[in-house]
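Colleague: The following block contains the structure, expressed as structure tokens.
The values are calculated or read from the model by the stated rules, or taken from the named source; none is laboratory data. Predicted, not measured: the structure shown is a model, and the values here were computed from it. Cβ placement follows ideal geometry from the backbone for every residue including glycine, while neighbour counts extend to all protein chains displayed.
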Amino acid sequence: MTLRQNKNLKTIGIFNDSFPPIMDGVALTAQNNAYWLYHMNQPVCVITPKAPDYIIDEPYPVYRYSSFPLFFHRPYRIGIPELDMPFQNTLDRIPFGLVHAHCPFTSGQLALRIAKKKENTFGGNISFKISR
């Protein structure tokens, strides 16, 4: 039995405000982390703002929440996960064991909120990586 088949394992959530099609170092790091965790048979998913007209082509789940463009800083987008109820319903069903945030903005605040909400169930494990 592979680890991915073990339903008792908790999911590692990688949260970042940029992810392909945005191509910056932090987006590529988040993508690379998820890729290698997946290939090491760890249950992993990515949480990031929606990018219009982008087709997800990853072997692991990528959950995207509503967003709008930052007109003064293209191609970046600002997410509004609090207003995306279908996304919130999906998020509530993910059995997180660790939330890892690559930035302190929308996705990082979302990761922190999840860690605090789940504190009694998994100890509130959160990992922050601030890249410069």
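Colleague: Here are the criteria: (1) modelled with pLDDT of 90 or more; (2) touching a Gly at 6+ places or on another chain (Cβ under 8 Å); (3) farther than 14 Å from residue 16 by Cβ; (4) surrounded by 18 or more Cβ atoms within 10 Å (Cβ to Cβ). Tell me which single one residue 66 does not satisfy.
Modeller: (4)
Colleague: Kindly indicate the residue of segment 76-91 that is surrounded by fewer than 17 Cβ atoms within 10 Å (Cβ to Cβ) and in contact with a helix residue (DSSP H, G or I) (Cβ under 9 Å, 6 or more places away or on another chain) and also farthest from residue 103 (Cα to Cα) among those meeting that condition.
Modeller: 88
Colleague: Right, here's the next one. Out of curiosity, is residue 35 more than 16 Å from residue 96 (Cβ to Cβ) and loosely packed, with under 14 Cβ neighbours inside 10 Å?
Modeller: Taking the combined requirement at face value, the residue does not satisfy it.
Colleague: Condition first: out of contact with any strand residue (DSSP E or B) (no Cβ under 9 Å at 6 or more places or on another chain) and either of a type in the set (Lys, Arg) or on the phi < 0 side of the Ramachandran plot (or both). Now tell me which residues in segment 53-81 satisfy that.
Modeller: 55, 57, 59, 71, 72, 73, 74
Colleague: Evaluate the following for residue 73: is it surrounded by fewer than 17 Cβ atoms within 10 Å (Cβ to Cβ), more than 15 Å from residue 113 (Cα to Cα) and modelled with pLDDT of 95 or more?
Modeller: Considered against the rule, which asks whether it is surrounded by fewer than 17 Cβ atoms within 10 Å (Cβ to Cβ), more than 15 Å from residue 113 (Cα to Cα) and modelled with pLDDT of 95 or more, residue 73 comes out as no.
Colleague: Can you pull out every residue in segment 81-101 that is among the aliphatic types (A, V, I, L, M), touching a residue at least 24 places away in the same chain (Cβ under 8 Å) and out of contact with any Ser or Thr (no Cβ under 8 Å at 6 or more places or on another chain)?
Modeller: Across segment 81-101, the qualifying residue is only 91.
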